[in-house]
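Please treat every number below as a calculation from the coordinates, not as lab data. Here the structure is a predicted model, which is why all the values come from computation and not from measurement. Here the Cβ positions follow ideal geometry from the backbone for every residue, glycine too, while neighbour counts run over all protein chains shown.
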Amino acid sequence: MKITAIIPAAGAGERFGEKKQLKLLNGRPLIFHTIQPFINSELINEIIVVVPKENVNQVGREFKSTLTSKKIEVISGGKTRQQSVNNGLKMSNKESELICIHDGVRPFLTVTLIEKVIKAAIGHDGAILATPSSDTIKRVLGNQILETLPREEIWRAQTPQVFLKSALEEAIEIAIDENLEGTDEASILEKIGYQIGFIEGSSLNIKITTKEDWIFAKAIYNELND
Ligand code: C5P
């Protein structure tokens, strides 16, 4: 079975203040750390990295120095994450049956987790990684609490998120038609009735969003590479 990895990394870094996907972590752009386990996993046939238009040439050149025979393509993203993923989807190999989407700003994924979530997706519409919430989650309006959600039912979605390519194509098409924008891909497949499973990810698989997250990223990197 052919599997394409799509790595959306075309964000402008507004909350962070710069493009964190290109910020150096131990001398290498973050995105290099992110794609390493996809290079290492034998289940992944091609990697499509989606970056801001103005960075396509530079990132493409830098990836040429990566020692791998695997096909790595660098393309430009869209205004939203969903558009960036769609750009990647359109470039994926015609023979790919599964699409594995992973945030460009989650650099501490492992081959084991990639392969675990792919195995969970096979035979279903899709599967994602998630971790149980250790915080109590409140639904709010303004600065008023509306309700407290039952913590045992709350899981935090991570990536990779792996889907049947045909299901993802259909979901994105419907999302475009109906003007829906999901904060992850699973949400748009769920909305149209696909059954998406999940398995437990890792709390080290953090998404770097804010400056504070960079402190955690450096600490995790140092601990893992001691
Ligand atoms: O929006 P969020 O913080 O969830 O972004 C998750 C990933 O989606 C990041 O790696 C970001 O670079 C990517 N993204 C993208 N294209 C956009 C916006 C975000 O590829 N237009």
* Name the pairs whose Cβ atoms lie under 6 Å apart, with the first residue in region 67-83 and basic (K, R), the second more than 10 Å from the ligand (Cβ to nearest atom) and not in a loop (DSSP other than H, G, I, E, B), and 6 or more positions between them or separate chains? -> K70/I39; K71/E46
* Asked: Any idea how many residues of region 39-83 are assigned to a loop (DSSP other than H, G, I, E, B), more than 10 Å from the ligand (Cβ to nearest atom) and buried (at least 16 other Cβ atoms within 10 Å of the Cβ)?
  -> 5
* Asked: Which condition does K79 not pass, out of (1) farther than 23 Å from I196 by Cα; (2) in contact with a Pro (Cβ under 7 Å, 6 or more places away or on another chain), if it passes all the others?
  -> (2)
* Asked: Would you say K94 is without any contact (Cβ under 8 Å) to a residue 40 or more places away in the chain and farther than 28 Å from I220 by Cα?
  -> yes
* Asked: Can you list the helices (runs of 4 or more DSSP H) found entirely within region 104-215 that contain at least 2 residues being among the small types (G, A, S), in contact (Cβ under 8 Å) with a residue 60 or more places away in the chain and surrounded by 14 or more Cβ atoms within 10 Å (Cβ to Cβ)?
  -> 111-121
